[in-house]
Amino acid sequence: MIKPQLAEFMRRMDKDSVAIIPAAREAVRSHDTNYRYRQNSDFFYLTGFEEPEAIAVIAPSKEKKFTMFVRPRDLDQEIWYGYRAGVEGAVRDYGADEAFTIDTFDEKLAEIVDGPEVLYYAFGHTTPEMDQKIIRQLAQMRETNRKPLEPPRTIVDPSSILHEMRVIKSAEEIDLMQRAADIAAEAHVEAMKTIHPGMMEYEVEAMLEAYFRKHGASGSSYTSIVGAGGNATVLHYIDNKDQLKDGDLLLVDAGAEYKGYASDITRTFPINGKFSQAQREIYDLVLKCQMSCVDMVRPGVRLEDLKTHSIEVLTEGMVELGLLKGDPKRLIEGKKYMQFYMHNLGHYLGIDVHDAGRYYFNGESRPAEVGMVMTIEPGLYISPDTSRIPEGFNKDIPAKYLGIGVRIEDDVLVTENGARVLTHKVPKDADEIEALMAK
Ligand code: GLY
Ligand code: MN
Ligand code: MN
């Protein structure tokens, strides 16, 4: 049985067409050892096949609609690196109409691209070698004009179909994403219950990732960010090497990957279990912003409107706290909020943590649709280092706020009735966090 996604992709393809979708290549970590293999997201979405050195050829109007090129079974290789599906497995377990070993792809390419009007192939997405192979083949066929060869006249990026499909999640995908979210949420709860002054950031990282693996996730969906104190003000801090100090906040941005689907959660909590007055002021402002953005999520809301709303809430709050000075409207026009809120409100989430799909159509921000999954993750970051504040920004920051970084991030599914928060299992209300940590 082929995946429903592949059937839908075939329906959306041009009738007289063929698609060539290669797997991800293996990536060398150093010398002769590789990173753990991670399949190309589009390839995985269509086939579910998780081996390298594979190519899917999809031709909706041919008798053999779905052909796979895969690594052959190989006893010696399988002793070292494990099971391979081989051509039999590609047909039996992945629904291919036929399968060949990958070494025969080059000789079959001429046949594959001879005839269809449209070729779906994403140049620049896999390897230059693969791109060159396709280019050479087409060029050769165009030159051979005294033979009855018909190379495709149009080349289309398959992501124009695939990535639009990936934006809207199916019920099966939502179930997997809920599981990815639950595992990560529970890990964050564990972190809240476990941490104490004196621990190292990497211990928290190890604890989270152990929890992910223990509960069936393949690992993290991105490198975990565990930033204590001023490290929380570095947006993509991944060194995770410092000690947790009494009186500081800890920012944890960590998500699990479950059966190919990502979750992405950030929580910020006090290392000693109790927010200081100043920390609480910043925290409650970010939380108010985050919750009112989640409230706004419904079909039709434009993603840019959510961002604008987050800027308004945070800017007004920052004026009240003395982080910004002046009229909020003018501060927003001058983008002064960017001193403390410098990233986007969120992103699509799915097989990729920053998932595929367009955010704009004809320059217009896209309205939310039922079945989209996205993150809502506002934050405020007040660097402890005041020596490098650019001209035009506030240099007179209340000392009590220096070194505070807060981000709160949930994953939400757009439904008819508004947002369903997939990551609801981990508290974000400051009192609830304190109560949990006191246990
Ligand atoms: N951890 C990456 C992100 O939140 O987008
Ligand atoms: Mn995110
Ligand atoms: Mn995140």
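Residues whose amide H lies under 5 Å from that of PHE66, counting only those 5 or more places away or on a different chain, are ALA59, ASP97, GLU98; hydrogens are built 1.01 Å from N in the peptide plane. Under 5 Å from the amide H of MET199 lie the amide H atoms of LEU244, each residue being 5 or more positions distant or on a separate chain, with H modelled from the backbone and absent for Pro and chain starts. The residues of region 1-126 expose, per residue, 54 Å² of accessible area to a 1.4 Å probe. Residues within the reach of a label modelled at LYS133 (point 7 angstrom out along Cα to beta-carbon, backbone nitrogen below 20 Å), restricted to region 139-164, are 139-142, 151-152, 155-159. In region 115-164, taking the dipole from charged Cβ atoms about the Cα centre, the farthest positive-side position among LEU138, PRO148, HIS125 is held by PRO148. For the options PRO151, PRO270, PRO22, a Gaussian network treatment of the chain with springs between C-alpha atoms closer than 10 Å singles out PRO151 as fluctuating the most.
Which whole-number percent gives the relative contact order of the chain, counting Cα pairs below 8 Å spaced six or more residues apart? Don't skip to the answer; put the middle values down first.
Details: 860 pairs, mean separation 61.0, N = 439.
Relative contact order, the chain: 14 percent.
Phi angles of region 103-109 translate, via the Karplus equation with coefficients 6.51, -1.76, 1.60 and θ = phi - 60°, into HN-Hα couplings of 5, 9, 4, 4, 6, 8, 4 Hz per residue; Gly and Pro are given as x.
Checking the cross-link pairs LYS400/LYS428; LYS15/LYS62; LYS193/LYS425; LYS400/LYS425 against a 20 Å limit on the alpha carbon distance flags LYS400/LYS428; LYS400/LYS425 as lying beyond it. Rounded, prolate or oblate: pick one for region 340-439, where a ≥ b ≥ c are the square roots of the eigenvalues of its C-alpha gyration tensor, a/c under 1.5 means rounded, and failing that, prolate if a/b is larger than b/c, else oblate. Oblate is the answer for region 340-439, as a/c is 1.5 or above yet b/c matches or exceeds a/b. The sum of -39500 (n - 2.57) across all DSSP H runs of n ≥ 4, divided by the residue count of the chain, sets its helix-only mean residue ellipticity at 222 nm to -11000 deg cm²/dmol. Averaging Cα coordinates gives a centre for region 264-338 and one for region 359-436; these two points are 7 Å apart.
Of all lysines in the structure, those lying under 19 Å Cα to Cα from LYS395, and not within fewer than 8 positions of it along the same chain, are LYS325, LYS335, LYS336. Qualifying GluC sites (Glu not before Pro) in region 1-80, where qualification requires a DSSP coil assignment and no more than 12 other C-beta atoms within 10 Å, comprise GLU63. Would you work out if region 266-320 is rounded, prolate or oblate? Take a ≥ b ≥ c from the square roots of the eigenvalues of the alpha-carbon gyration tensor; rounded if a/c is under 1.5, else prolate when a/b is larger than b/c, oblate otherwise. Oblate, since a/c reaches 1.5 and b/c is not below a/b.
Roll a 1.4 Å probe over the protein chains and send me the accessible area per residue for region 185-236 in Å². Could you put the intermediate results ahead of the total?
Numbers: 2070 Å² over 52 residues.
That works out to 40 Å² for each residue.
Rolling a 1.4 Å probe over the protein heavy atoms of the chain, with every protein chain left in place, gives an accessible area that is 50 percent carbon and sulfur. In a shell of Cβ-Cβ distance under 15 Å around GLU391, excluding GLU391 itself, what net charge do Lys and Arg (+1) and Asp and Glu (-1) give? Within the 15 Å Cβ shell, the charges total +3.
Helix 171-194 and the long axis of the chain differ in direction by around 40°, with both axes built from C-alpha atoms.
Kirkwood radius for region 209-313, taken over all pairs of different Cα atoms as the inverse mean of 1/r, rounds to 15.7 Å.
The values are calculated or read from the model by the stated rules, or taken from the named source; none is laboratory data. Computed from a predicted model, the values in this text were never measured in an experiment. We place every Cβ from the backbone using ideal geometry, glycine too, and count neighbours over all the protein chains shown. Calculation scope for accessible area: heavy atoms of the full protein, side chains included, ligands and nucleic acids excluded. Shrake-Rupley method; radii C 1.70, N 1.55, O 1.52, S 1.80 Å.
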